[in-house]
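Below is one structure, written out as structure tokens; comments come after it.
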Amino acid sequence: MQKDRSTYTGLPRNEIDWFPRIDQEKCKPDECNFHCVTFCFFGVFSHKGNEVAEVSKPYECNVGDESCKFQCPLDAISFPAREELKEMLRKVRAKYQNKEA
């Protein structure tokens, strides 16, 4: 059974802009055989032909999980800094706490 990924701790996942980015200058699928695509259980990555990997489903990524970054042998995957994530979460929480009041 697939987990519902539309929320993160009760917050709308599509309002949390935390997901991987791929540096296309570093991404060389001919060297890694699209390891990110096969590694990610959630289908966050896909590939355009045999040219490049892309982040095709960013909001399927587990918030805070950077494991794919460390799996990339070419160091082509990055994420926002932890402080940026904390600030994103603060803003989204505040938005929904204000609506409840």
I'd like to compare 4-10, 66-72: which one has the highest average count of other Cβ atoms within 10 Å, and what's the full order after that? 66-72, 4-10
Backbone N under 14 Å from the Thr7 label point (7 Å along Cα→Cβ), restricted to segment 53-97: 93, 96-97
With +1 on each Lys and Arg Cβ and -1 on each Asp and Glu Cβ, and nothing else charged, work out how big the dipole of segment 23-101 is about its Cα centre, in Debye to the nearest 20. 540 debye
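Taking N as the number of residues in segment 7-100, what is its alpha-carbon radius of gyration divided by 2.2 N^0.38 Å?
For segment 7-100, the normalised Cα radius of gyration comes out at 1.20.
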For the chain, the charge dipole (Cβ of Lys, Arg +1; Cβ of Asp, Glu -1; about the Cα centre) points to a positive end, and the Cα of Phe79, Pro58, Thr7 closest to that extreme belongs to Thr7
Filter Lys28/Lys95; Lys26/Lys95; Lys26/Lys57; Lys48/Lys95 down to the pairs with a C-alpha to C-alpha distance above 32 Å, please. Lys28/Lys95; Lys26/Lys95; Lys48/Lys95
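A short reminder: the numbers here are calculations on the coordinates, not readings from a lab. The structure presented is a predicted model; accordingly, all values stated were derived computationally and were not measured. Note that we place each Cβ from the backbone using ideal geometry, even for glycine, and neighbour counts take in every protein chain shown.
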